[in-house]
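Structure first, then comments.
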Amino acid sequence: MLVDSSPVPRAEAAPAPPTRRAARALGLLLSVVMLVLAALASIAVGAKALSPDQVWHGLFHDTGTYGDVVVDERLWRTVLGLLAGAALGLAGSVLQALTRNPLADPGLLGINAGASAAVVTAITYFGVTSLTGYVWFAFLGAAAVGALVWFLGGSRGATPVRLALAGTAISAALYGYLQAVMIIDDSALGRMRFWTVGSLASATHSTVTQVLPFLAAGTLLALALARPLNAVEMGDDTARALGANLDRTRALAMLAATVLCGAATAACGPIMFVGLMVPHAVRSLTGPDLRWILPYAAVLSPVLLLGADVVGRIVARPAELQVGIVTAILGGPVFILLVRRRRTAQL
Amino acid sequence: MKTRSRSRALRTPGGLSLRLDLRAVVVVGLFLATALAAGVALIGTGDAHIPAADVLRTLAGNGTAYQDFIVNELRLPRVLVGLLVGASLGLGGALFQAVSRNPLGSPDVLGLSQGSTAGALVVIVLMSGSATQVTAGALIGGLVTGLAIYLLAWKQGVHGYRMVLVGIGVSAIVTAVNGYLLTKADLVDAARAVVWMTGSLGGRDWDQVWPLLTLCAVLVPLVLAHARGLRMMEMGDDTAAALGVRVQRVRLVLMVCAVLLTAAATAAAGPVSFVALTAPQLARRLTRSPGPNLVPSLCMGAALLVTADWASQRAFGADQLPVGVVTGVLGGGYLLWLLVTERRAGRI
């Protein structure tokens, strides 16, 4: 059950007062500015730090100087971070609304682990090497685990604990499988140990173009679901009384989350907690209306992901800390804080 | 589950009485027999095959010098480590599941194994330490993680579900750290680390047996002495408190014991996955008795681990596949089945 104290979306009950709407729009604008700053920082910071004019030069007057090459290298990584971050944030928001569960996160529910296991299987046993080849495996794995966790967690009667446990247990089983693969095949270990932590470092132009169609489709679908999901959040009976088609909304929401997580995982490995932290922060800013939460999450999640990526490049210089590790180290404490803050009777 | 109880009461002339569940006693006997039989078979298995009769004769001290060396120096310690690790994991898992009141609240899920792994990886990757140092690192890692989970879950007492969720969070953080350490390592260290992380009994000698045996000798009686309180706590904290159990104290003592048992077992053999999760569940199903089933879980864990190691040795050849892979695959399948059936019964 949703444990938010005021689960009724206010905007559905009565139109928000104009000042509030203006404040939200302004907030969204500020978030976009933050996103641009994060993207610029992601291009400028690294083993070779660039000045703002070097970044400008590389972006708009590319003449092939050393600085321009660095910008080129980092540009795709930044774009992938933008796309993957938005995907994970949207997926997290959709999952939290769908399961009416404040602790839902693609990583925590094992969906990323499902995608990883499928990708590793594809690479090791089916010899699939291209991203467009294994992104389908990622979808398959994400969908299978998503459905399984939802079913095992108790479907409609799911509680946060049940879902988290089912997700963690399945992740543990899949993790064991990944380890077995890595033990049997040493060359798999060499390739996989970097991919399985979640990293943006290997992004290229082709990575981005290959996952872009999937991410765009998932994003549009998720944004279109804002209104029906608002109804789902109010509980089955109310939603039905309001004329919502519950089964269709649930199926489409699951599809959106699967496509978004699967594509993001295929492109940069399993990244945890982005989908958990950002929707929570956003919800406290915007209130419970998903028509605001989703755009905010889509803009602010990449800020977090790019920020984590930049931090990872600074703290371990000249080497770098993979972004999946930074988000887990940041997100774990947030998760624990959330768990502690909730009233125990509901956990 | 039948409502009629098969248990008998034993009464002594002095007025003491003891409830005795015949089925549980028989099952425990069977587990022990299985564990020992698998142990003897495991001693006989390997590059130099030794028939079971010769193994028993050598263990009694009447073998040839050659058999004596192989059995007593090479393979007996390995089997003993297997038995002790299995027993510790089984008991530790039963305690965790009873305290969290959830069949999934086992050390694998709560992040203790990952904590031990982190400790071991630090030693392997950052210090290139010896086997003994790896063991120490794993022990420290497990204990620190257990302490962290307990403290973070503390809020006017530790509640089972909160502990599970905090454990999941801690586990995610530690897993990320492990992934980082693994990417930092060169390929040789990484391969060594992955084998350690899977859990293996290969190359274990008497140095691992003695500390583990000492720890078990101290902790097992301590745990069993508190088992009565634990049985009450399964009815809920309030009921248990009303019946005179000092809930938080019993929980603290048992958690400390469970963490020590798990950390020591993990330090000795690596994080052998799913034994702590499956042993108590299988034991509970076979004894069909309510309550934490501590002794059956202990014996089941020992039987399970040694049998799995024997199966791995027979099926894939000596030391080809670490035992952790076998328990991981079998345990993963069992876990799925468990999730489905427990869900149907509404117990998770």
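Bear in mind that the values in this text are calculations on the coordinates, not laboratory data. Keep in mind it's a predicted model, so treat the numbers as computed, not measured. Here the Cβ positions follow ideal geometry from the backbone for every residue, glycine too, while neighbour counts run over all protein chains shown.
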*FRET efficiency, 1/(1 + (r/R0)^6) with R0 30 Å, evaluated for B:GLN156 and A:ALA316 via beta carbons*: 0.15
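If I take every Cα pair under 8 Å that is 6 or more residues apart in chain B, average their sequence separation and divide by the length, what percent do I get for the relative contact order?
Taking the mean separation of contacting Cα pairs over the length of chain B, I get 29 percent.
Return B:SER289, A:SER51 ranked ascending by Cβ neighbour count within 10 Å, so the fewest neighbours appear first. Walk me through the numbers on the way to the answer.
Values: B:SER289 18, A:SER51 10.
The order, fewest Cβ neighbours first, is A:SER51, B:SER289.
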*At q = 0.15, 0.18 Å⁻¹, what is the log10 ratio I(q)/I(0) for the stretch B:1-123, with the Debye formula run over Cα points and no solvent?*
-0.95, -1.02
*Ranked highest first by average number of other Cβ atoms within 10 Å, how do B:223-230, A:75-82, B:81-88 line up?*
B:81-88, A:75-82, B:223-230
*Going by how many other Cβ atoms sit within 10 Å of their own, how do B:PHE96, A:PHE137 line up, fewest first?*
A:PHE137, B:PHE96
_With a 10 Å cut-off between alpha carbons and a GNM built on chain B, which of B:MET255, B:MET235, B:MET300 moves the most?_
B:MET235
*asked:* Give me Rg/Rg_expected for chain B, where Rg uses Cα atoms only and Rg_expected = 2.2 N^0.38 Å with N residues.
replied: 1.01
*Can you tell me the relative contact order of the stretch B:183-315? Whole percent, Cα pairs under 8 Å, sequence separation 6 or more.*
27 percent
*Which whole number gives the average, over all residues in B:150-163, of C-beta atoms from other chains lying within 10 Å of the residue C-beta?*
3
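In terms of the ratio Rg/(2.2 N^0.38 Å) built on C-alpha atoms, what value belongs to the stretch B:202-337? Working shown, then result.
Working: Rg = 16.9 Å, N = 136, 2.2 N^0.38 = 14.2 Å.
Rg over 2.2 N^0.38 Å, computed on Cα atoms: 1.18.
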_Equivalent ellipsoid dimensions for the protein assembly as shown as semi-axes, Å, which come from the Cα gyration tensor, largest first_ = 47, 32, 20
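Could the peptides B:114-123, A:303-312 be put in order, highest first, of the mean number of other beta-carbon atoms found within 10 Å of their residues?
Going by the mean number of other Cβ atoms within 10 Å, highest first, we get B:114-123, A:303-312.
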*To one decimal place, what orientation-averaged projected area in nm² is obtained for the convex hull of the Cα set of the stretch A:160-283?*
9.7 nm²
*Can you work out the base-10 log of I(q)/I(0) for chain A at q = 0.06, 0.12, 0.13, 0.15 1/Å, using the Debye formula on its C-alpha atoms alone?*
-0.21, -0.84, -0.98, -1.27
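Can you compute the equivalent ellipsoid semi-axes for the stretch B:54-190, i.e. the square root of 5 times each eigenvalue of the Cα gyration tensor, sorted largest first and rounded to whole Å? Please list the in-between numbers first.
Numbers: eigenvalues 249, 103, 20 Å².
Working from the Cα gyration tensor, I get semi-axes of 35, 23, 10 Å.
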